[in-house]
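*Asks:* Got a structure here, written out as structure tokens. Questions coming.
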Amino acid sequence: MKKLLKTLSASLFFFPIGAYADPIAVGDLVIEGTIARATVPGQKVGGGYMTITNNGSETERLVGAMASFSGKAEIHQMKMENEVMKMSALPEGLEIPAGETVTLKPGGYHVMFMKLGEPLKAGEERNATLVFEKAGKVNVTFNVMSIEDTMKMNDDKMDHSSHGAAKKEGE
């Protein structure tokens, strides 16, 4: 319970209150703060963000995602290489170590929604499915936030010392 409270309070630091759906608990995982960034007309890609806590004793891995509004979804990361921000898919997925929290956020780890059929508009809710190595498929709702709000969230409330890499709780 103490770990859950610590996780919940940490996620409030990263995501504005009221911007996302209730936390989802699946086995040892707690998924919260599921938001997507609004897109402009004609934009064919979008990003999804969240916090995932693994309260178990074994490592879990986020290996994929699916969404009816997206022709394809992958787990990606952004990181600095030779002073250039680069984005790449994580073909092996994203590790969620036992007893730790991993945050997917703008400029770091994220779900990349590709081949969007229509723009993601601020204020909408979009359903998707996350795929975990052990926990399997988990249905989530992404609350779409404006580009400005997600930029503000990243600029005002997040640590940039890692140059885009998601921070694990305690780092």
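The values are calculated or read from the model by the stated rules, or taken from the named source; none is laboratory data. Since the model is a prediction, treat every value here as computed from it, not as a measurement. As a convention, Cβ positions derive from the backbone with ideal geometry for all residues, glycine included, and neighbour counts pool all protein chains shown.
*Asks:* Just to be sure I understand the filter: pairs with C-beta atoms under 7 Å, separated by 6 or more residues or on different chains, first member in the range 85-104 and in contact (Cβ under 8 Å) with a residue 24 or more places away in the chain, second member surrounded by fewer than 12 Cβ atoms within 10 Å (Cβ to Cβ) and assigned to a strand (DSSP E or B). Which pairs pass?
*Replies:* Pairs found: none.
*Asks:* Moving to a separate point now. Inspect the range 90-101 for any residue being in contact with a helix residue (DSSP H, G or I) (Cβ under 6 Å, 6 or more places away or on another chain) and either under 22 Å from Pro23 (Cα atoms) or not basic (Lys, Arg) (or both) and give the result as yes or no. Spell out how you get there, then give the answer.
*Replies:* Residues of the range 90-101 in contact with a helix residue (DSSP H, G or I) (Cβ under 6 Å, 6 or more places away or on another chain): 101.
Checking which are either under 22 Å from Pro23 (Cα atoms) or not basic (Lys, Arg) (or both) leaves us with 101.
Yes - at least one qualifying residue is present in the range 90-101.
*Asks:* Of all residues in the range 57-90, count the ones that are surrounded by 17 or more Cβ atoms within 10 Å (Cβ to Cβ), of a type in the set (D, E, K, R) and closer than 23 Å to Asn143 by Cβ.
*Replies:* 1
*Asks:* When residues of the range 105-118 are filtered for being at pLDDT below 95 and surrounded by 12 or more Cβ atoms within 10 Å (Cβ to Cβ), how many remain?
*Replies:* Of the residues in the range 105-118, 4 are at pLDDT below 95 and surrounded by 12 or more Cβ atoms within 10 Å (Cβ to Cβ).
*Asks:* I would also like to ask the following. Output the residues belonging to the range 47-85 that are charged (D, E, K, R), under 15 Å from Lys105 (Cα atoms) and over 16 Å from the mean Cα position of the chain (by Cα). It would help to see each step written out before you state the result.
*Replies:* Keep residues of the range 47-85 that are charged (D, E, K, R), which gives 58, 60-61, 72, 74, 79, 81, 83.
Keeping just the survivors that are under 15 Å from Lys105 (Cα atoms) gives 74, 79.
Listed by number, the list is empty, since nothing qualifies.
*Asks:* Further question on the same structure: Exactly one condition in (1) under 18 Å from Gln43 (Cα atoms); (2) touching an Asp or Glu at 6+ places or on another chain (Cβ under 8 Å); (3) not aliphatic (A, V, I, L, M) is false for Arg126; which is it?
*Replies:* (2)
*Asks:* Among the numbered conditions (1) of a type in the set (A, V, I, L, M); (2) in contact with a Gly (Cβ under 6 Å, 6 or more places away or on another chain); (3) farther than 13 Å from Met112 by Cα, tell me where Ala36 comes up short.
*Replies:* The failed condition is (3).
*Asks:* Could you tell me how many of the residues in the range 125-161 are farther than 21 Å from Val30 by Cα and either small (Gly, Ala, Ser) or modelled with pLDDT of 95 or more (or both)?
*Replies:* Of the residues in the range 125-161, 2 are farther than 21 Å from Val30 by Cα and either small (Gly, Ala, Ser) or modelled with pLDDT of 95 or more (or both).
*Asks:* Of all residues in the range 128-142, how many are in a strand (DSSP E or B) and of a type in the set (Lys, Arg)? Don't jump to the end; show me each part of the working.
*Replies:* Taking the range 128-142 as the starting set, the residues that turn out to be in a strand (DSSP E or B) are 128-132, 136-142.
Still in the running and of a type in the set (Lys, Arg): 137.
Result for the range 128-142: 1.
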